[in-house]
1. Can you tell me which of (1) buried (at least 22 other Cβ atoms within 10 Å of the Cβ); (2) small (Gly, Ala, Ser); (3) in contact with a strand residue (DSSP E or B) (Cβ under 8 Å, 6 or more places away or on another chain) is the one Ala190 doesn't meet?
2. If I ask for residues that are out of contact with any helix residue (DSSP H, G or I) (no Cβ under 6 Å at 6 or more places or on another chain) and either within 11 Å of Ala148 (Cα to Cα) or free of Cβ contacts under 8 Å to residues at least 60 places away in the same chain (or both), which ones from the stretch 161-181 would you list?
3. Among the candidates Asn182, Asn214, which residue alone is more than 23 Å from Phe95 (Cα to Cα) and not in a strand (DSSP E or B)?
4. What is the one condition in (1) open to solvent by 60 Å² or more (accessible area, probe 1.4 Å); (2) modelled with pLDDT under 95; (3) of a type outside the set (Ser, Thr, Tyr) that Lys92 does not satisfy?
5. Would you be able to say whether some residue in the stretch 90-98 is in contact (Cβ under 8 Å) with a residue 12 or more places away in the chain and under 30 Å from Thr333 (Cβ atoms)?
6. Would you please name the residue that is least open to solvent (accessible area, probe 1.4 Å), looking only at residues in the stretch 41-57 that are assigned to a helix (DSSP H, G or I) and at pLDDT below 85?
7. Considering only the stretch 249-261, how many residues are surrounded by fewer than 19 Cβ atoms within 10 Å (Cβ to Cβ) and out of contact with any Cys (no Cβ under 9 Å at 6 or more places or on another chain)?
8. Out of the residues in the stretch 28-40 that are among the polar types (S, T, N, Q) and at pLDDT 85 or above, which is surrounded by the most Cβ atoms within 10 Å (Cβ to Cβ)?
Amino acid sequence: MLQEGYYLAAIMEAKGMSPHVLKQIVDEMGSAAAVWEQTNECAFAGNKRLRSAVAALKREKPNLPESIAESCERFGIAVTTIYDEDYPPILKEIFSPPMTLFYRGELWPHIQRVAMVGSRKASMYGKRVAEDISEQLARAGVTVVSGAARGIDTSSHIGAMKAGRTVAVLGCGLDIAYPPENRDLIDEIAERGAVISEYPPGTRPLAPFFPARNRIISGLSVGTIVVEAAKHSGSLITAELALSDGRDVFAVPGSIYSPTSVGCNHLIRQGAKLVETADDVLEEYSLAPAKPERQMKRGHRSTAAVQEADEAPASISLTKEEKTVYDLIEYDTPQTVDEIIFRLHGTGEASNISFILLQMALKGVIVEDENHAYIKVRNV
């Protein structure tokens with residue numbers, strides 16, 4: 001006999017089916033297997049259209065539950081259902097919780113989790129903040145939940161894996177890496193946390209699946225931190241879902257001139273708690289503050305910016321020329337070489353700027369972003 005999860009996932013593929021309605025039908029029939037095998041005998045909560053949809057699905061894919069089971073075995077994917085003990089209890093509290101969770105890694109249903117979300121087109125400032133705060137949360141024993149997307153999600157997972165555990169919730173099947181460039185990151189999260197989806201293997205990453213995915217990110221978490229978000233951002237949808245489920249919302253402030261800070265600044269005006277460090281979140285839940293000391297790295301994947309900053313020596317000395325340039329570079333606004341040269345006008349350092357910037361980068365006090373602009377990452 002197949003696990004219930006495979007039948008639940010199969011029935012969810014019927015046109016018009018929702019987790020909320022499916023639970024009513026399964027509760028009525030006693031099991032998902034009974035619903036699949038005895039479709040014509042189910043009341044389907046009085047919905048004849050849904051009964052027809054499931055019957056049509058069975059005719060088209062009569063062995064769908066078995067096919068899902070085989071795919072899970074092939075890709076090393078486990079499944080749990082809302083009726084199982086290892087299903088996270090906090091997720092059951094939201095409206096329309098997923099009936100099934102496919103996962104790689106370890107679920108750990110009762111641990112404390114905080115979600116961190118933000119813009120896919122994140123600034124260097126946003127990425128750095130996400131890595132720092134998620135690392136601090138993980139060091140304090142909190143699991144960081146995000147969506148493995150580009151930008152803030154990626155930085156959140158990377159930061160958390162420096163000191164602890166993280167969970168990625170995908171909007172596609174777990175046999176598909178999305179975005180593709182995060183394949184290695186997703187594999188590492190599965191080894192050191194969990195990768196989760198309500199969709200069975202083979203499900204492509206279609207646009208409607210991501211808002212649905214967001215309810216799981218916030219639903220697994222006691223609170224959601226928004227790091228950067230534009231005016232009409234998916235991250236704001238996640239924040240709204242968190243609020244509707246009675247969860248806390250936090251926001252990191254940003255520049256009033258940055259379009260990716262509009263959403264966060266709006267959330268703060270609406271009453272979201274302003275976050276500067278992880279301690280602003282930890283104190284809400286009476287958790288111990290993050291330990292300040294560094295832990296030894298354990299082979300985690302990291303960005304060059306964080307790696308250079310972390311591995312820099314405890315005491316750094318700059319030459320007079322480097323100090324002049326350092327004082328002109330900011331923490332949150334990347335500056336190109338041309339901009340730095342313009343600001344250096346009259347100091348006599350511009351002719352040697354490329355060498356000076358290289359030496360400062362090697363010392364770990366600045367980093368170069370993908371646009372060849374520079375920001376500070378360390379005080380001296």
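The values are calculated or read from the model by the stated rules, or taken from the named source; none is laboratory data. Please read these numbers as outputs of a predicted model, since none were measured by experiment. Methodologically, a virtual Cβ is constructed for each residue, glycine included, from the backbone with ideal geometry; neighbour enumeration extends over all protein chains shown. In case anyone asks, the SASA skips ligands and DNA or RNA and just uses the protein heavy atoms, side chains included. Shrake-Rupley method; radii C 1.70, N 1.55, O 1.52, S 1.80 Å.
1. With respect to (1) buried (at least 22 other Cβ atoms within 10 Å of the Cβ); (2) small (Gly, Ala, Ser); (3) in contact with a strand residue (DSSP E or B) (Cβ under 8 Å, 6 or more places away or on another chain), Ala190 is out only on (1).
2. Once the filter is applied, which keeps residues that are out of contact with any helix residue (DSSP H, G or I) (no Cβ under 6 Å at 6 or more places or on another chain) and either within 11 Å of Ala148 (Cα to Cα) or free of Cβ contacts under 8 Å to residues at least 60 places away in the same chain (or both), the stretch 161-181 yields Arg165, Val167, Leu170, Cys172, Ile176, Tyr178, Pro179, Pro180, Glu181.
3. Details: Asn214 fails: more than 23 Å from Phe95 (Cα to Cα).
So the residue among Asn182, Asn214 that is more than 23 Å from Phe95 (Cα to Cα) and not in a strand (DSSP E or B) is Asn182.
4. (2)
5. Of all residues in the stretch 90-98, those in contact (Cβ under 8 Å) with a residue 12 or more places away in the chain come to 90-91, 93-98.
Add one more test, that the residue is under 30 Å from Thr333 (Cβ atoms), and what stays is none.
Looking through the stretch 90-98, none of the residues is in contact (Cβ under 8 Å) with a residue 12 or more places away in the chain and under 30 Å from Thr333 (Cβ atoms).
6. Applying the filter and picking the extreme gives Phe44.
7. Initial filter on the stretch 249-261 (surrounded by fewer than 19 Cβ atoms within 10 Å (Cβ to Cβ)): 253, 255-259.
Now restrict to residues that are out of contact with any Cys (no Cβ under 9 Å at 6 or more places or on another chain): 255-259.
Here the count works out to 5.
8. Here is the first cut: in the stretch 28-40, the residues among the polar types (S, T, N, Q) are 31, 38-40.
So of that shortlist, the ones also at pLDDT 85 or above come out as 31, 38.
Numbers: Ser31: 15, Gln38: 10.
Top of the filtered list is Ser31.
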